1. Could you list all residues from the stretch 82-101 that are in contact with a strand residue (DSSP E or B) (Cβ under 9 Å, 6 or more places away or on another chain) and surrounded by fewer than 16 Cβ atoms within 10 Å (Cβ to Cβ)?
2. Kindly evaluate Gly71 against the criterion of being more than 24 Å from Thr30 (Cβ to Cβ), of a type outside the set (Ser, Thr, Tyr) and at pLDDT below 95.
3. All but one of (1) in contact with a helix residue (DSSP H, G or I) (Cβ under 7 Å, 6 or more places away or on another chain); (2) part of a helix (DSSP H, G or I); (3) among the β-branched types (Val, Ile, Thr) hold for Ile92; which doesn't?
4. Evaluate the stretch 101-120: report whether one residue or more is part of a loop (DSSP other than H, G, I, E, B), free of Cβ contacts under 8 Å to residues at least 60 places away in the same chain, on the phi < 0 side of the Ramachandran plot and charged (D, E, K, R).
5. Consider Thr18 carefully, then state whether it is surrounded by 14 or more Cβ atoms within 10 Å (Cβ to Cβ) and at pLDDT below 95.
6. Only residues that are in contact with a strand residue (DSSP E or B) (Cβ under 9 Å, 6 or more places away or on another chain), assigned to a loop (DSSP other than H, G, I, E, B) and farther than 14 Å from Glu114 by Cα: list them for the stretch 29-52, please.
Amino acid sequence: MDPFEALAAEVYGDVAVTEVIRPAAVLPETAARQVLMELALREVRAGGLWASSPMVWKRYDRPWVGDSPDGAELIGTLQISYGTPTRYAITIYRATITTFGSTHDWTVESLCDEALGYGGYTLAQCPRAELAAPPKPFRMGA
């Protein structure tokens, strides 16, 4: 490992790749409900591979034993926001793949595709947030 990689590993911990999704992927209401239902059915504490909360979805390599990871390795996370840009939509704005996930051939796209697939989407097919043009710069006397 070169010195830059060693420094990055020390600063970021167990992170191999973090990607800000621009423009952010937006799951429409129907697909968002399907994804949330499927993630709940695949809960890591109940024999599944996902741990979800209102801010982050985490993918593990195997189910937990009760409430303990008990050696289960985190593959990656998706940072999300509920209720934006519309009330029942879900926006995915950042994905992170751990070193473990990266060494097992996971990518930002494959992680997103697995979660979004429960709603019938891939990252490439998912609608995107509209980006507003930046405001014009303020000029004195103009």
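1. Step one: of the stretch 82-101, the residues in contact with a strand residue (DSSP E or B) (Cβ under 9 Å, 6 or more places away or on another chain) are 82-86, 88-101.
Matches in the stretch 82-101: Tyr82, Gly83, Thr84, Pro85, Thr86, Tyr88.
2. Details: more than 24 Å from Thr30 (Cβ to Cβ): yes; of a type outside the set (Ser, Thr, Tyr): yes; at pLDDT below 95: yes.
Spelling it out, Gly71 is indeed more than 24 Å from Thr30 (Cβ to Cβ), of a type outside the set (Ser, Thr, Tyr) and at pLDDT below 95.
3. The number of the failed condition is (2).
4. Keep residues of the stretch 101-120 that are part of a loop (DSSP other than H, G, I, E, B), which gives 104-107, 118-120.
With the extra rule that they be free of Cβ contacts under 8 Å to residues at least 60 places away in the same chain, the set shrinks to 104-106.
Next, only the ones that are on the phi < 0 side of the Ramachandran plot stay: 104, 106.
Next cut, charged (D, E, K, R) only: none.
No, because not a single residue in the stretch 101-120 is part of a loop (DSSP other than H, G, I, E, B), free of Cβ contacts under 8 Å to residues at least 60 places away in the same chain, on the phi < 0 side of the Ramachandran plot and charged (D, E, K, R).
5. Numbers: surrounded by 14 or more Cβ atoms within 10 Å (Cβ to Cβ): yes; at pLDDT below 95: yes.
Spelling it out, Thr18 is indeed surrounded by 14 or more Cβ atoms within 10 Å (Cβ to Cβ) and at pLDDT below 95.
6. none
The values are calculated or read from the model by the stated rules, or taken from the named source; none is laboratory data. Because the structure is predicted, anything quoted here is derived from the model rather than measured. Every residue, glycine as well, gets a Cβ built from its backbone with ideal geometry; the counts of neighbours run over all protein chains shown.
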